[in-house]
1. Enumerate the pairs (first residue in the stretch 199-210 and among the hydrophobic types (A, V, I, L, M, F, W, C); second residue anywhere and crowded, with 19+ Cβ neighbours inside 10 Å and part of a loop (DSSP other than H, G, I, E, B)) with beta-carbon separation below 7 Å, excluding pairs fewer than 6 apart on the same chain, so at least 6 apart or on different chains.
2. Can you find, within the stretch 78-105, the residue that is nearest to the chain's Cα centre (by Cα) among those that are crowded, with 19+ Cβ neighbours inside 10 Å and in a loop (DSSP other than H, G, I, E, B)?
3. Given the options Thr230, Thr213, name the one that is under 22 Å from Asn65 (Cα atoms), buried (at least 16 other Cβ atoms within 10 Å of the Cβ) and hydroxyl-bearing (Ser, Thr, Tyr).
4. Search the stretch 173-193 for residues that are on the phi > 0 side of the Ramachandran plot and pair each with any residue that is among the aromatic types (Phe, Trp, Tyr) when their beta-carbon atoms are under 9 Å apart and the residues are at least 6 apart or on different chains.
5. Return a yes/no flag: does the stretch 45-57 have any residue that is assigned to a helix (DSSP H, G or I) and at pLDDT below 95.
6. Just checking, how many residues over the stretch 222-232 are within 17 Å of Trp170 (Cα to Cα) and either part of a helix (DSSP H, G or I) or of a type in the set (Gly, Ala, Ser) (or both)?
7. I'm trying to understand the selection: among the residues of the stretch 176-199, which are surrounded by fewer than 19 Cβ atoms within 10 Å (Cβ to Cβ), of a type in the set (Ser, Thr, Tyr) and closer than 24 Å to Asp29 by Cβ?
8. Would you say Phe181 is out of contact with any Ser or Thr (no Cβ under 8 Å at 6 or more places or on another chain) and of a type in the set (A, V, I, L, M, F, W, C)?
Amino acid sequence: MTTRELARKIGALEVIRVSKTNSSKQPFDFLFVIDFEATCWESADRKTKCPEIIEFPAVLYDVKNGEIVDEFQEYVMPTENPKLSDFCTQLTGIQQNQVDTGVPLSTCLFLFMKWVNEKKKLYGMEFPNSDDKAEKTCAFATWSDWDLGICFKNECNRKRLTYAKIFRKWIDIRHLYKFYFKKPFNGLSGALSELGLTFEGKEHCGLHDARNTAKLVGRMIDNGAILQLTRC
């Protein structure tokens, strides 16, 4: 018997119930859910080294139908600290040969934007801060502000890469979760568990984290959450 099953049996499991909101009421039709993995070190080295993206994944989530309709993933070659730490390899599962044969961040951004533009055209959608108009809307979504607001932004500045306007607005799913459900939780897997879901795959694999964030979004919508930009 699992801990959740035991808690339910003895009446110690608190179930969150919020009135459902139809997905058609949501302001966004699609989400590009991003979850980067970056170079990292033990605490002693964190203050002297800057994280570089080494896995650049995204899933395209259809809000109305509640499903992932496409995925993007590239491994990225770090140039400031090319050698992965043992800590980083153990945490993320990313191996040295994967980043050695990866693409530079500039190339990854080119490939990513090509993929994004193809999906925009295919589904007839546009970002809210775009100069163009479309029938449907889309937005970036992340688990916390770290991915786009800290890691990606800082790396673009250091490497003199364009921090495009569309990356400057996104939905922080962790922030929305706290706002709507007001329950203590331990990371993404804890938030999933609180809403009766389980993490599928390997934690700190960027693609798996993105998939699970999208799954959490679907459950949050089912329980009444309204998607909204949290960083503009």
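The values are calculated or read from the model by the stated rules, or taken from the named source; none is laboratory data. All of these numbers come straight from a predicted model, not from anything done at the bench. In this analysis, Cβ positions are derived from the backbone assuming ideal geometry, glycine residues included, and neighbour counts consider all displayed protein chains.
1. As it stands, the answer is Ala210/Asp35, since those pairs meet every condition given.
2. Checked the stretch 78-105; the qualifying residue nearest to the chain's Cα centre (by Cα) is Ile94.
3. Thr213
4. Gly187/Trp143
5. yes
6. The number of residues fulfilling the criteria is 1.
7. Correct list: Tyr180 only.
8. Answer is yes for this residue.
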